[in-house]
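Q: Quick one: the structure is below, and I'll ask about it shortly.
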Amino acid sequence: MADGIQPQPGILDIALYQGGASALAGQSNVLKLSSNENPLGPSVAAKEAVVRATHDLHRYPSTDHASLKAAIGEIWSVDPTRVFCGVGSGDVLKLLAEAYAGPGDEVLFTEHGFAMYPIYARACGATPVVVPENERVVDVDAILKACTEKTKLVFIANPANPTGTMIGAAEVARLAEGLPPQAMLVLDGAYAEFVDGFDAGQSLVEARNNVFMSRTFSKIYGLGGMRIGWGYGPQAVIDVLNRIRGPFNLSAAALAAAEAAVRDTEHTEKCRVENVRWRDWLANALAELGVPSDTSTANFILARFSDEVEANACDDHLRSEGIIVRRVGGYGLPHCLRITVGDESACRRVAHAVAQFKGVS
């Protein structure tokens with residue numbers, strides 16, 4: 001790079017995001033439980049929609065996403081004109097940061113929050129501010145105390161990744177009410193569909209002008225490979241985001257798959273029920289082996305060990321058995337492993353491997 005050509009301030013301070021591993025050298029029967037993917041995959045309707053979309057690959061996709069927005073509005077009872085669609089929910093959050101934060105501004109998130117939040121902040125020149133949690137749970141009082149006149153965005157994942165914990169609607173509302181007037185509360189609801197009857201903050205978005213929520217098709221809908229997400233917020237914010245997104249930001253196949261997926265509520269409910277069943281089974285099985293976890297509301301559990309040494313040793317053993325989970329030292333949790341909830345065979349395989357590690361027959 002020429003000496004005079006330099007990126008914007010903050011860019012070189014960004015540590016590269018590390019996704020979950022997907023392969024192990026010398027292993028053929030690999031079980032990937034590192035990226036919180038849906039073991040049941042997408043619905044048949046979504047797959048068929050992608051196949052149909054191949055007949056029109058020479059055509060540009062919709063620029064207004066009207067059909068998908070209408071489906072989201074119908075299924076989730078939201079105003080489709082206030083829905084914004086992006087390339088995964090991460091794209092939606094990134095565009096929010098680009099639009100509302102910059103040099104001299106602060107972006108808040110909690111200590112165990114999603115690793116992309118500080119990247120979004122630094123990429124637009126803003127200052128990332130880390131706020132302590134209370135026993136791996138978002139602490140509203142700590143966030144409000146950390147707010148200043150420079151605070152522009154507050155990112156909260158609810159349910160949270162990688163902890164699996166969440167805070168109730170009353171606490172979220174108290175947070176929104178207490179923010180300074182120039183700040184927006186952004187509710188990252190990537191795992192919201194795993195919580196029965198949870199509106200992910202929809203009612204709060206509709207009651208206030210300083211709350212925005214995001215959702216994804218990568219988790220319960222099983223469309224991580226399609227890269228599509230959506231957000232819901234004040235009309236003024238939606239108008240801003242539409243000014244800076246790419247005109248053809250979503251492929252025709254992604255739009256078709258997402259619309260079919262959101263309409264297939266039977267498959268979504270099946271995925272939620274199966275996740276609850278095997279999440280609880282796995283958490284209980286590991287607890288009996290001396291590996292506790294907080295009550296998870298997502299599609300993973302955060303297994304806690306005595307220290308980092310034991311956590312890493314268990315991870316090494318799991319890998320030797322062809323099982324990939326996620327080390328979360330980068331999230332400030334070096335003594336933990338995040339384990340995606342798989343299907344029955346996957347959960348039983350994990351429990352058996354951890355029992356081996358613990359020396360329990």
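Bear in mind that the values in this text are calculations on the coordinates, not laboratory data. These figures come from a predicted structure and were not determined experimentally. Virtual Cβ from ideal backbone geometry, glycine too; neighbours counted across all protein chains shown.
Q: As a footprinting exposure proxy, order SER67, SER34, SER77, SER43 by other Cβ within 10 Å, with the fewest listed first. Intermediate values should be presented prior to the final figure.
A: On the way: SER67 14, SER34 20, SER77 9, SER43 24.
In order of increasing Cβ crowding within 10 Å: SER77, SER67, SER34, SER43.
Q: GNM on the chain, C-alpha springs below 10 Å: top fluctuator among ALA121, ALA157, ALA53?
A: For the chain, modelled as a Gaussian network with Cα springs under 10 Å, the answer is ALA53.
Q: Let me ask another. Hand me the chymotrypsin sites (Phe, Trp or Tyr not before Pro) from the stretch 181-264 located in a DSSP loop with no more than 15 other Cβ atoms within 10 Å, in residue order please.
A: Answer in residue order: PHE248.
Q: Kindly provide the helix-only [θ] at 222 nm of the chain, computed as the sum of -39,500 (n - 2.57) over DSSP H runs of four or more divided by all residues, to the nearest 500 deg cm²/dmol?
A: Dividing the helical sum by the residues of the chain leaves -12000 deg cm²/dmol.
Q: Okay, next question. So what is the relative contact order for the chain, in percent, with contacts set as C-alpha pairs under 8 Å and at least six apart?
A: 23 percent
Q: Could you list, in their original order, any pairs among LYS32/LYS270; LYS32/LYS219; LYS47/LYS94 whose Cα atoms are separated by more than 19 Å? Show your work: numbers first, answer last.
A: Details: LYS32/LYS270 21 Å; LYS32/LYS219 14 Å; LYS47/LYS94 28 Å.
Pairs exceeding 19 Å: LYS32/LYS270; LYS47/LYS94.
Q: Could you identify which residue out of TYR17, TYR117, TYR100 has the top mean-square fluctuation in a GNM of the chain using Cα springs shorter than 10 Å?
A: TYR17
Q: Express the C-alpha Rg of the stretch 1-92 as a ratio against the empirical globular expectation 2.2 N^0.38 Å, rounded to two decimals.
A: 1.64
Q: Semi-axes of the equivalent ellipsoid of the stretch 204-294: what are they in whole Å, largest first, if each equals the square root of 5 times a C-alpha gyration tensor eigenvalue?
A: Three semi-axes, in Å: 33, 19, 12.
Q: What net charge is computed for the residues neighbouring GLY102, neighbours being all others with C-beta under 12 Å from the C-beta of GLY102, Lys and Arg scored +1, Asp and Glu -1?
A: Details: positive: ARG122, LYS150, LYS152; negative: GLU98, ASP105, GLU106.
With Lys, Arg at +1 and Asp, Glu at -1, the net is 0.
Q: Comparing GLY26, GLY224, GLY189, which has the greatest mean-square fluctuation in the GNM of the chain with Cα pairs linked when under 10 Å apart?
A: Among GLY26, GLY224, GLY189, the largest GNM mean-square fluctuation belongs to GLY26.
Q: Quick one: net charge around ALA23, please, counting Lys, Arg +1 and Asp, Glu -1 for every other residue with C-beta under 13 Å from its C-beta.
A: It works out to a net charge of +2.
Q: Moving on to the next point. Using alpha-carbon positions, what is the distance between the centroids of the stretch 90-153 and the stretch 159-191, in Å?
A: If you average the Cα positions of each part, the centres end up 12 Å apart.
Q: Which distance in Å, rounded to a whole number, links the C-alpha centroids of the stretch 252-295 and the stretch 4-54?
A: A separation of 18 Å, based on Cα centres.
Q: Quick one: Cα convex hull volume of the stretch 44-264, Å³ per residue?
A: Output value, Cα hull per residue: 111 Å³.
Q: Of all DSSP beta bridges located in the chain, what percent are antiparallel, nearest 5?
A: The antiparallel fraction comes to roughly 45 percent.
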